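Colleague: Before I ask anything, here is the structure I am working with.
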Amino acid sequence: SNSNRPTGSSRDLYTLRVAAPFDELLQAISQRLKLEPIIDTQSLTTRGINPEEIIRLEIKDATRDQLLDAIVKPLGLTWSIEIDRLFISAGD
């Protein structure tokens, strides 16, 4: 076995095929990544973004970053991770 394989969730690959409301999807993904999701709901509201919007995803062998990009991009959102928190906002 290869003991040099890097550990940590940022090295794992994710395959996902789903259609779910954004907020539910985010909760599920955050749980899987062991992160606490924090959504800047004010910035979403300001831009008229509905967190219950259905997100359709079909990704294969995606990195954590690609996975998060795929979830937030359809709504034009941005994400960042600080320690064990996942921040989602409607960016600039």
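What follows draws every value from the coordinates through simple rules; no lab data is involved. Note that the coordinates shown come from a computational prediction; the quantities given were computed from them, not determined experimentally. Neighbour counts run over all protein chains shown; Cβ positions are idealised from the backbone, glycine included.
Colleague: What's the center-to-center distance, using Cα atoms, between the range 71-87 and the range 28-47 in Å?
Modeller: Cα centres, the range 71-87 to the range 28-47: 7 Å.
Colleague: What is the helix-to-structure angle for 22-33, meaning the angle in degrees between its Cα long axis and the longest Cα principal axis of the chain, kept from 0 to 90 and rounded to the nearest 10?
Modeller: Orientation of helix 22-33: about 20 degrees from the principal axis.
Colleague: In the chain, what percentage of the DSSP-assigned beta bridges are antiparallel, given to the nearest 5?
Modeller: Counting DSSP beta bridges with both partners in the chain, the antiparallel share is about 75 percent.
Colleague: Another question, if that's okay. Sorted by average packing, counted as other Cβ atoms within 10 angstrom per residue and highest first, what order do 26-32, 53-59 take?
Modeller: Working: 26-32: 16.7, 53-59: 14.3.
Descending packing order for the listed peptides: 26-32, 53-59.
Colleague: Spelling out what I want: for every residue of the range 45-57, take phi, set θ = phi - 60°, compute 6.51 cos²θ - 1.76 cosθ + 1.60 (Karplus), and round to whole Hz; glycine and proline get x.
Modeller: 4, 4, 8, x, 8, 9, x, 9, 4, 6, 9, 9, 10
Colleague: Kirkwood hydrodynamic radius of the range 11-89 from all distinct Cα pairs, in Å?
Modeller: Averaging 1/r across every pair of different Cα atoms and inverting gives 12.6 Å.
Colleague: Roughly how big is the chain's charge dipole about its Cα centre, with Cβ charges of +1 (Lys, Arg) and -1 (Asp, Glu), in debye to the nearest 20?
Modeller: Computed about the Cα centre, the dipole is about 380 debye.
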